[in-house]
Amino acid sequence: MAKRPFRADHVGSMIRPTKLIVARARYSMGEIDSAALRAIEDECVLEVVRLQEDVGLEGVTDGEMRRGSWSRDFLQGFKNVQASEGKLEVYFKNADGTVTNNKPNSMKVTGKLSRSGPIQAEDYKFLKSATKKTPKVCIPSPTLMHFRGGRGDVDHIAYPAMEAFFADLARVYSEEIDDLVKNGLKYLQLDDPNLAYLCDERFRDAVKAIGEDVDRLPETYVNLINRSIKNVPDDVTVAMHLCRGNASTGGLATGGYEPVAEALLSSLNVDGFFLEYDDERSGDFTPLRFLAKGKTVVLGLVTTKRPALESVEHVKRRISDAAKIVPLEQLALSTQCGFSSGAGGDPSRRRALTIDDQKAKLERVVECARDIWGGL
């Protein structure tokens, strides 16, 4: 079996078809029940699995067809977690160059963290039954439970000391991952925007404003993630995607990976790193010098923000530049991010790409990877 992450890979989420957007809206209005919604989700998962197989991908996701939010739905699966008004003021750079400031929702921890049962297992089992390729499950990084609210969104009675909070957070994540592994999971991806945001001076100032130490957070988060995945067997691949904002055609977090690169690429015990490199926001490849032996950097060179298709020559040239820092055998190729971070019903956050554009982008990833690394 090919090594995971695969030479041609992708981040996970897919554009929601209209029938799913409509069904989710009808469900929210009480016009259909959960069984009817799930039946439509099943259809959409099967369709997106076929798309991934048809373009030649080896790692296949469910496209996050069952999620309204890429992170909130999963995180609220733990006990004593609820969405809360955010405290961290961030900025979003729009496609036209203007900047919008907002405070995205955070997760408020109202008591001791625990699980009432598996969160993702049933969805994974359906995906596994739908493909003969390698099913990949994508879940939000545990850092999402802390970053946007910091100490202020963690109950002081349940957790007078933050070390106890981080220990419980790692434990419940480990339990959830263990359930997935027991059901046969071989490929897990953690999605983490927070470490990418710590590369941006404006975000770093915002984090300081809510009382957090931006210089210590990378180490704190690396330790948290390492504790969350410490029981994962050697035959299970764990990768991390650093996201720089995925709404519409703009984005968040400008700045190279240097502020977090050493802690991340040297000390995080994952097998691969999906790093966004589709535009100038991500800086150059120099921070990749910290990559530990045996690990893979999956270069996100094919953008999911614009329909224009990258040329094979452009992609190969960029990979050649990266190979001056990291040996070619430690590199792979993917899309820059997922194709849809939410349910798809909000016009202000709707993707600029069509489903046909999405397919063309994935085909280009596979084509370039075959040219560079040979048969997949």
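The table for this structure:
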| item | result |
| --- | --- |
| Residue in region 26-47 that is without any contact (Cβ under 8 Å) to a residue 40 or more places away in the chain and within 24 Å of E367 (Cα to Cα) present | yes |
| Among residues of region 42-53, those that are in contact with a strand residue (DSSP E or B) (Cβ under 7 Å, 6 or more places away or on another chain) and either among the aromatic types (F, W, Y) or surrounded by 17 or more Cβ atoms within 10 Å (Cβ to Cβ) (or both), counted | 2 |
| Where C138 falls short, out of the listed (1) part of a helix (DSSP H, G or I); (2) open to solvent by less than 50 Å² (accessible area, probe 1.4 Å) | (1) |
| Hits in region 14-41 (condition: within 30 Å of Q336 (Cα to Cα), of a type in the set (A, V, I, L, M, F, W, C) and open to solvent by 30 Å² or more (accessible area, probe 1.4 Å)) | I21, V22, A25, I40 |
| Scope region 174-201; condition in contact with a Phe, Trp or Tyr (Cβ under 9 Å, 6 or more places away or on another chain), part of a helix (DSSP H, G or I) and closer than 25 Å to P104 by Cβ; matching residues | E176, N194, L195, A196, Y197 |
| Residue match in region 346-355 (condition: acidic (D, E), touching a residue at least 40 places away in the same chain (Cβ under 8 Å) and either in contact with a Pro (Cβ under 6 Å, 6 or more places away or on another chain) or surrounded by fewer than 21 Cβ atoms within 10 Å (Cβ to Cβ) (or both)) | no |
| Residue ID - surrounded by the most Cβ atoms within 10 Å (Cβ to Cβ), chosen from residues in region 273-324 that are among the basic types (K, R) and closer than 20 Å to D371 by Cβ | R318 |
| Pair list, Cβ < 7 Å and 6+ apart or interchain, from region 203-232 residues that are in contact (Cβ under 8 Å) with a residue 60 or more places away in the chain to residues that are open to solvent by 60 Å² or more (accessible area, probe 1.4 Å) | A206/E89; I210/K87 |
| Close pairs from region 60-85: first more than 22 Å from A158 (Cα to Cα) and outside any loop (DSSP other than H, G, I, E, B), partner of a type in the set (A, V, I, L, M, F, W, C) and open to solvent by 10 Å² or more (accessible area, probe 1.4 Å), Cβ under 8 Å, at least 6 apart | S69/A343 |
| Subset tally (residues that are in contact with a helix residue (DSSP H, G or I) (Cβ under 8 Å, 6 or more places away or on another chain) and either modelled with pLDDT under 95 or crowded, with 21+ Cβ neighbours inside 10 Å (or both)) for region 168-190 | 7 |
| Pick from region 78-91, criterion open to solvent by 30 Å² or more (accessible area, probe 1.4 Å) and out of contact with any helix residue (DSSP H, G or I) (no Cβ under 7 Å at 6 or more places or on another chain), ranking: nearest to V207 (Cα to Cα) | E85 |
| Yes/no for V302 being in contact with a helix residue (DSSP H, G or I) (Cβ under 6 Å, 6 or more places away or on another chain) and either in contact (Cβ under 8 Å) with a residue 12 or more places away in the chain or polar (S, T, N, Q) (or both) | yes |
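Table: residues versus (1) on the phi < 0 side of the Ramachandran plot; (2) buried (at least 19 other Cβ atoms within 10 Å of the Cβ); (3) modelled with pLDDT of 95 or more.
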{"site": "G97", "(1), (2), (3)": "no, no, no"}
{"site": "K112", "(1), (2), (3)": "yes, no, yes"}
{"site": "S116", "(1), (2), (3)": "yes, no, no"}
{"site": "E122", "(1), (2), (3)": "yes, no, yes"}
{"site": "T143", "(1), (2), (3)": "yes, yes, yes"}
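The values are calculated or read from the model by the stated rules, or taken from the named source; none is laboratory data. On a predicted model such as this, the values are computed, not experimentally measured, just so you know. Quick reminder, even Gly has a Cβ in these numbers, built from the backbone with ideal geometry, and neighbours come from all protein chains shown. Each accessible area value is taken on the protein alone, full model and side chains, heavy atoms only, with ligands, DNA and RNA left out. Shrake-Rupley method; radii C 1.70, N 1.55, O 1.52, S 1.80 Å.
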